[in-house]
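For reference, the structure discussed in these notes is given below.
The values are calculated or read from the model by the stated rules, or taken from the named source; none is laboratory data. Since the structure is predicted, the reported quantities are computational estimates derived from the model, not experimental observations. Quick reminder, even Gly has a Cβ in these numbers, built from the backbone with ideal geometry, and neighbours come from all protein chains shown.
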């Protein structure tokens, strides 16, 4: 079971009920539960959307799109039913924040879903968890059943005539690609998780052809807190255009890995050295992946930066899903790059050729390179392939594979060159595959 | 819905499937959850499972197989009673995921996607399972085991062995 961690610098908005047994609906009600939903019903859609806009909340799945604006794009009148789709298909390596929300505060996700429904005029929401999260689905199902029993879901919710809302919960069955919004809709419609071309955007033509709001689970869980504390108060916690707090999962070579709720704009250096207790075993820092595997790596001298969408973008990386992966001085970037591309090659759905072929080609090149059969041209080739994948696919998986790869070869080119000259890590993390052996027979 | 006269599933699962086919705006949406629950009961997605689910959802068997082949958690061959899934993705790798996988291969005497002769355990190297801050992590069927070492892994395997009659 996940361990809860705590640090004095945390600002607990979203996580304020963690560790208090809030999965129990009566406990949740004691802790201001379902007040935000009732307020939302009383105040109406315009007030909800304005409050969300004022909060500066941006999508916590990784893209950072302003949530209030996303909700406002849904047409007021629609022939087809409108839907809310909560993306809990958390699969970005380095990311386990939704895991802990489902576990510790499932009702906040239910509330957020109803609130989104009230805002856009939808009467049905779906909460989709990744297949591996079966025990969390059980927790969510219990929470949804308890909410129905109290009249918070179903017909005439909270005793309001004509205000109906239903929630269906389900899991996927193992596919990173399904975390992408259009592939998620395909999966929910009982198909292979293959992306759709946009436009039309889901806000206009989404699930079952109806207008659909798709939000990450953390995004949606923020909504009730924002409605209770006010948009401006939430915005004030963060930095400009980056409202509020964020659940940062700090993993890898740190003393105290865990999920911490820090204000947007918090120093990356402090997150690593203060909050997470510094580098494990007193070693030196080599690099950080700041927001999940798809975000370009930062060198140790690039960590004096605030953790928000704009500052990370300016530094040539991304805040992504908030999964901070810390690498100590012993890590070989060649090995790390190989493991990263193995993942994307395995998860590419194969729909778009630049992604399908590009990930495979980079993986094969790096596998041979890692086994000692590399050439100087391989380094340039890897960069060339990655550059040609960028922006040429239906969904961002191609970019998600190319961006970190470019980061590795551009920022740590000397490591690839030294590897070529015979240097090998003192503590290898991956077994070297002799050249000519059959391809790695593992997950990837 | 096509009437299912003789289901291959237990009455409880069959009843659950009857319900599942009716809750979505479009029946086909029940396909992925149904395949998972069928696998939980039968052990894998057998030909008979494909046939019955296709019938229940008014789909071609081809449609079902097309979806089945996409998702990594769905399998068409049986696995061990306890499927040990070791994550070796970046966060787990940094904290000993590959060493843990090697340890499991050695102690169980099997490789990736293989099953022990007694049918008790199978082993799989998997991609990120969403337990990065509690790495290295392993899932045995749907149970998470976090912050593991080879010694702790042995203890985990022992708890599953101990569930079996001697």
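Does residue A:335 qualify as being more than 16 Å from residue A:409 (Cβ to Cβ) and over 16 Å from the mean Cα position of the chain (by Cα)?
Here the answer is no, as residue A:335 does not meet what is asked.
Please list, ordered by residue number, the helices (runs of 4 or more DSSP H) wholly in segment B:49-166 having 1 or more residues that are modelled with pLDDT of 95 or more and surrounded by fewer than 24 Cβ atoms within 10 Å (Cβ to Cβ).
In segment B:49-166, the matching helices (runs of 4 or more DSSP H) lie at B:61-68, B:97-108, B:150-161.
For segment A:200-217: of the residues being more than 12 Å from residue A:70 (Cβ to Cβ) and touching a helix residue (DSSP H, G or I) at 6+ places or on another chain (Cβ under 6 Å), which is farthest from the other protein chains (Cβ to nearest Cβ)?
Here the answer is A:217.
Within the group A:117, A:68, which residue is more than 14 Å from chain B (Cβ to nearest Cβ), part of a helix (DSSP H, G or I) and touching a strand residue (DSSP E or B) at 6+ places or on another chain (Cβ under 7 Å)?
A:117
Being away from chain B (no Cβ under 14 Å) and over 20 Å from residue A:141 (Cα atoms) is the filter here; which residues of segment A:1-28 pass it?
A:8, A:9, A:10, A:11, A:12, A:13, A:14, A:16
Hey, residue A:190 hits all of (1) within 14 Å of chain B (Cβ to nearest Cβ); (2) in a strand (DSSP E or B) but one; which does it fall short on?
(2)
I need the full set of residues from segment A:103-144 which are more than 25 Å from residue A:39 (Cβ to Cβ) and touching a helix residue (DSSP H, G or I) at 6+ places or on another chain (Cβ under 7 Å), in order please.
A:103, A:128, A:129, A:131, A:133, A:136, A:139
Give the residue, chosen from B:96, B:109, that is more than 22 Å from residue A:177 (Cβ to Cβ), in the same structural domain as residue B:148 (by TED's automatic domain parsing) and touching a residue at least 24 places away in the same chain (Cβ under 8 Å).
B:96
Among the residues of segment A:284-310, what is the count of those that are surrounded by fewer than 21 Cβ atoms within 10 Å (Cβ to Cβ) and within 12 Å of chain B (Cβ to nearest Cβ)?
Total satisfying the criteria: 0.
Specify which of the listed residues (A:112, A:94, A:61, A:56) is under 25 Å from residue A:230 (Cβ atoms), within 23 Å of the chain's Cα centre (by Cα), within 14 Å of chain B (Cβ to nearest Cβ) and touching a residue at least 24 places away in the same chain (Cβ under 8 Å).
The match here is A:61.
From the list A:321, A:414, pick out the single residue that is away from chain B (no Cβ under 12 Å), under 25 Å from residue A:252 (Cβ atoms) and modelled with pLDDT of 95 or more.
Only one candidate passes the filter, namely A:414.
Quick check on residue A:362: is it in a helix (DSSP H, G or I), under 18 Å from residue A:295 (Cβ atoms) and either more than 14 Å from every other protein chain (Cβ to nearest Cβ) or in contact with a strand residue (DSSP E or B) (Cβ under 9 Å, 6 or more places away or on another chain) (or both)?
Here the answer is yes, as residue A:362 does meet what is asked.
If I filter segment A:143-165 for residues that are touching a residue at least 12 places away in the same chain (Cβ under 8 Å) and closer than 30 Å to residue A:355 by Cβ, do I get at least one hit?
The answer is no; no qualifying residue exists.
With respect to residue A:119, determine if the residue is in the same structural domain as residue A:180 (by TED's automatic domain parsing) and over 15 Å from residue A:168 (Cα atoms).
yes
Part of a strand (DSSP E or B), in contact with a strand residue (DSSP E or B) (Cβ under 7 Å, 6 or more places away or on another chain) and not assigned by TED's automatic domain parsing to the domain that holds residue A:96: does that describe residue A:249?
Yes.
Does residue A:222 satisfy being assigned to a helix (DSSP H, G or I), surrounded by 22 or more Cβ atoms within 10 Å (Cβ to Cβ) and either in contact with a strand residue (DSSP E or B) (Cβ under 8 Å, 6 or more places away or on another chain) or modelled with pLDDT of 95 or more (or both)?
yes
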